[in-house]
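Participant: Below is the structure I would like to discuss, written out as structure tokens.
Rule-based calculations on the coordinates, nothing more; no lab input. Just so it is clear, the model here is predicted, and its values are computed rather than measured. All Cβ positions, glycine included, derive from the backbone under ideal geometry; neighbour counts span all protein chains shown.
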Amino acid sequence: MPALLTPTNYSQASRKASRSLLAFSAAGAALLMVAGATTTASASDRHLSATSTITLTEEDYYFVGAGPIHSYLNTVFSNFMKLHPNIVIKRTIIPPSNYLTKVEDEVGASALPDVLMLDNPDLPYFAEYGVLTPLASLGPTAISTLEPPQAAEASFNGTAYAYPLYTNTIALFYNTDMLKSAGLQPPTTWAQLLTDAKTLTTPAHYGIAFSGQTGPGQNVWQFEPFLWSNGGSLTQLTSPQSVQALTLWAELAKEKAVSPDVSTWGQVQPEQYFADFKAAMMVNGPWFISTLNAVKGLHFGITEIPVNTPGQAVVPPIGGELWTIPKSNAATEKAAFELLNYMASPTVDEQLSLAEGDVPTVKAALAAWQPKAGPLMQPFLEELLHGRARTSVLGTNYPAVETVVGNAIESALLGKQTPSQAFASAQQQVQKTILG
């Protein structure tokens, strides 16, 4: 049995949790329970015998502050139960900050739910524990084909354990008025990004904002598109391509084109600065689009992450949640599989993706999703063509390596070490982690 789990990178949980937890805390909300998604079932359900009814327990972290996805999941579960009157869904919502701890406890107590949502980097741990059901053992999935990155994030050691219903990544947001006033176009290369960020830095605002904080789903998550697009690697940090990527970030800090507090910033602070007109550009994800659209007087666009050399493809990390079926019994696993197949139907997946502000992974859902999602989602869609699952190379070592690399990034941003020195030190630690 592997070592005890530790909280890992929330591509989506971390980037939404920090802003949503404010709402959760302010509301003084307690743990939410939704039985049968609305605690009601159709009249035909009420007379079913206990032996003919299957109750599925489900866990996710989409509470009220998570946005439309919170209530839409209730709708999905309710609609599914109408089609399957012998299946009742009992939904449990756990705050993101406690989610993995709760799931770990359930593993130890052999009390996992029947349907479990996980952030995608966490899958290898639970698959290695042997508590998840291989999907192939349950029958053909409703997702007939997946792009290689999505297939990789949903698998462990070549076995598929999850449904990746929707996905996301990060891109470059820019204030169109500020760029226009400075006579600039959105940057496409690192050289342009550095020059533009310096030009756009004034006493009123910084040129750019991004997450420089060490931690799950923070600076490494935002650094990876720069690293990977340039041919760098989390396991080959001393390569010229890797050092070049960190040098760009260090230069942005050295030139004061980003706040001196950047090393303490998660993913919420850049959005706050951008929304308050204190940053002309920021690196962030589509989950902030609806919030920014509501800011009076803010006009913004989104473009792909700039690359070092023209012609390079942006290689971003894949974010998003995975839906898994923990091991239980044949009847329950079959019912859970029916639920996930229903959630993977094109119409449902399209609406789930819109509610979550993500890109559907079900190809048949894309045509209807795209016009509703709008042009601001196009850069994310383009980037995801070359997306990479963060655990595809490192597997269960990803969280430990993420911490090591995150500390090196922080050191370079603060000027404590040069990029070369920071990554040289980190390389030794990464090697020890990989070799055990």
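Participant: So if each residue of separation counts as 0.36 nm, and I subtract the Cα-Cα distance between Val295 and Leu385, what length gain in nm does that give?
Facilitator: That pair, Val295 and Leu385, stretches by 29.4 nm at full extension.
Participant: Could you give the length gained on full extension between Glu255 and Lys432, defined as 0.36 nm per residue of separation minus the Cα-Cα distance, in nm?
Facilitator: Gain on stretching Glu255 to Lys432: 60.3 nm.
Participant: Taking just the alpha carbons, could you work out the radius of gyration and Dmax for the range 179-234, both in angstroms?
Facilitator: Cα-based Rg and Dmax for the range 179-234 come out at 13.5, 38 Å.
Participant: If you average the C-alpha positions of the range 55-76 and of the range 130-184 separately, how far apart do those two centres end up, in angstrom?
Facilitator: Measuring centre to centre over Cα atoms gives 19 Å.
Participant: Which pairs in the list Lys180/Lys372; Lys256/Lys372; Lys198/Lys432 are over 32 Å apart, alpha-carbon to alpha-carbon?
Facilitator: Violating the 32 Å limit, Cα to Cα: Lys256/Lys372; Lys198/Lys432.
Participant: Pick out which of Ser52, Ser155, Ser239 has the largest mean-square fluctuation in a Gaussian network model of the chain, springs linking Cα atoms closer than 10 Å.
Facilitator: Fluctuation is largest for Ser52.
Participant: Moving on. Modelling each spin label as a point 7 Å along the Cα-to-Cβ direction, I'd like the Thr145/Thr55 distance in nm, to one decimal.
Facilitator: About 4.3 nm, to one decimal.
Participant: Given bins 10 angstrom wide, list per bin the percent of all Cα-Cα distances in the range 70-173, short to long.
Facilitator: Computed distribution, short to long bins: 11, 37, 40, 11, 1.
Participant: I've got another one for you. Most exposed first by the Cβ proxy, i.e. fewest other Cβ within 10 Å, how do Val220, Val103, Val393 rank?
Facilitator: Val393, Val103, Val220
Participant: Related question: I'd like the GluC sites (Glu not before Pro) in the range 200-293 restricted to DSSP loop residues with at most 14 other Cβ atoms within 10 Å, sorted by number.
Facilitator: For GluC sites (Glu not before Pro) across the range 200-293 that sit outside H, G, I, E and B with at most 14 neighbouring Cβ atoms in 10 Å, the list reads Glu255.
Participant: I would also like to ask the following. What is the sum of charges around Ala257, taking Lys and Arg as +1, Asp and Glu as -1, for the other residues whose C-beta is under 14 Å from the C-beta of Ala257?
Facilitator: 0
Participant: If you don't mind, another one. State the extension gain, in nm to one decimal, for the chain segment bounded by Glu128 and Thr176, taking 0.36 nm per residue of separation less the distance between their alpha-carbons.
Facilitator: Gain on stretching Glu128 to Thr176: 12.6 nm.
Participant: Another one. Placing unit charges on C-beta atoms (Lys and Arg positive, Asp and Glu negative, everything else neutral), compute the dipole magnitude of the chain about its Cα centre in debye, rounded to 20.
Facilitator: About 420 debye.
Participant: For the chain, what is the percent of antiparallel DSSP beta bridges, rounded to the nearest 5?
Facilitator: 65
Participant: For Glu58, Glu147, Glu321, which order do you get if you count the other beta carbons within 10 Å of each Cβ and list the fewest first?
Facilitator: Glu147, Glu58, Glu321
Participant: While we're on this one: List the lysines whose Cα sits under 25 Å from the Cα of Lys90, skipping any in the same chain fewer than 8 residues away.
Facilitator: Partners within reach: Lys16, Lys82, Lys102, Lys327, Lys334.
Participant: Which FRET efficiency, nearest 0.05, do Ser110 and Ala330 yield, Cβ-Cβ r, R0 22 Å?
Facilitator: In this case the efficiency is close to 0.80.
Participant: Largest first, please: the extent of the C-alpha atoms of the chain along each principal axis, to the nearest Å.
Facilitator: Computed over the Cα atoms, the extents are 70, 52, 41 Å.
Participant: Quick one: net charge of Tyr398's neighbours, Cβ under 10 Å, K/R +1, D/E -1?
Facilitator: Once positives and negatives cancel, what remains is -1.
Participant: Between Asp276 and Ala136, how high is the FRET efficiency from 1/(1 + (r/R0)^6) when r is the Cβ-Cβ distance and R₀ = 51 Å? Nearest 0.05.
Facilitator: The calculated FRET efficiency here is 0.55.
Participant: Would you mind counting up the charge near Val314? Only other residues with Cβ under 14 Å from its Cβ, with Lys and Arg at +1 and Asp and Glu at -1.
Facilitator: Spelling it out: positives minus negatives among the neighbours equals -3.
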